[in-house]
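Worksheet: the structure to be examined is printed underneath.
The values are calculated or read from the model by the stated rules, or taken from the named source; none is laboratory data. Owing to the predicted nature of the structure, the values given are computational and were not obtained by experimental measurement. Cβ atoms come from the backbone with ideal geometry, glycine included; neighbour counts cover every protein chain shown. SASA here: full protein model, heavy atoms, side chains in, ligands and nucleic acids out. Shrake-Rupley method; radii C 1.70, N 1.55, O 1.52, S 1.80 Å.
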Amino acid sequence: MNAAPTIRILDWRDAAALAMPLRERVFVMEQGVPAELERDASDPHCRHAVATTAAGEVVATGRLLPDGHIGRMAVAALWRNRGIGGLMLEALVAEADRLGFREVVLNAQIDAVDFYLRHGFTPEGEDFVEAGIRHRTMRRALTPRRG
């Protein structure tokens, strides 16, 4: 677990078999999110970040929706608090920037708000409950491209 995982940005066809087992483990098994809420029709339209070790183990994933929302950020338990979540988030932000978005938005679980604050996101609005978990909407402006 010493070497940094490789992060790739993939379409759903290439990401599904890699991302879904980790998402199901984190969201459904660990957090108790109903499986029918974790899976949705948006996945085929998203760009997906997938982090894998040299041995091919998937240790993190997340997605960027066509409207600039980042979601489904999941990190394997043994890889948490090691910086991989930040690398995943920045890869998704970079992809949003590459695609020309002016900002990215996400719905942070309340326990993760400080993580997103450290990565330049600003909270807005009131807390809300989604899938039985308290969340807060957060937003980050992207630097406009020149030239």
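A compact table of results
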| item | result |
| --- | --- |
| All positions within the stretch 110-129 that are under 16 Å from the mean Cα position of the chain (by Cα) and farther than 18 Å from L64 by Cβ | I110, D111, V113, D114, L117, R118 |
| Search result, residues across the stretch 10-47 that are in contact (Cβ under 8 Å) with a residue 24 or more places away in the chain and β-branched (V, I, T) | V26, V33 |
| Members of the stretch 128-141 found to be in contact with a Ser or Thr (Cβ under 9 Å, 6 or more places away or on another chain), without any contact (Cβ under 8 Å) to a residue 40 or more places away in the chain and not aromatic (F, W, Y), listed by number | M138, R139, A141 |
| Hits in the stretch 19-47 (condition: among the hydrophobic types (A, V, I, L, M, F, W, C) and within 14 Å of the chain's Cα centre (by Cα)) | A19, M20, L22, V26, F27, C46 |
| Matching option when the condition is in contact with a helix residue (DSSP H, G or I) (Cβ under 9 Å, 6 or more places away or on another chain) and open to solvent by less than 50 Å² (accessible area, probe 1.4 Å), among A96, A51, A77, A91 | A51 |
| In the stretch 29-44, the residues that are in contact with a helix residue (DSSP H, G or I) (Cβ under 7 Å, 6 or more places away or on another chain), charged (D, E, K, R) and either farther than 20 Å from I9 by Cβ or open to solvent by 50 Å² or more (accessible area, probe 1.4 Å) (or both) | E38 |
| Among (1) crowded, with 20+ Cβ neighbours inside 10 Å; (2) over 8 Å from the mean Cα position of the chain (by Cα), the one test that I84 misses | (1) |
| Residues of the stretch 10-28 that turn out to be out of contact with any Leu (no Cβ under 8 Å at 6 or more places or on another chain), more than 21 Å from N81 (Cα to Cα) and open to solvent by 20 Å² or more (accessible area, probe 1.4 Å), as a count | 6 |
| Matching entry among P44, P21 (being assigned to a helix (DSSP H, G or I), at pLDDT 95 or above and farther than 26 Å from I110 by Cα) | P44 |
| Residue selected from the stretch 90-147 under the condition basic (K, R) and part of a strand (DSSP E or B), by the criterion modelled with the lowest pLDDT | R134 |
| Top-ranked residue in the stretch 99-138 [being among the basic types (K, R) and more than 25 Å from T6 (Cα to Cα); ranked as least open to solvent (accessible area, probe 1.4 Å)] | R136 |
| Count of the stretch 47-59 residues which are closer than 15 Å to W12 by Cα and either in contact with a Gly (Cβ under 8 Å, 6 or more places away or on another chain) or in a loop (DSSP other than H, G, I, E, B) (or both) | 2 |
| Which listed residue, of R63, R72, is on the phi > 0 side of the Ramachandran plot, surrounded by 11 or more Cβ atoms within 10 Å (Cβ to Cβ) and of a type in the set (K, R) | R72 |
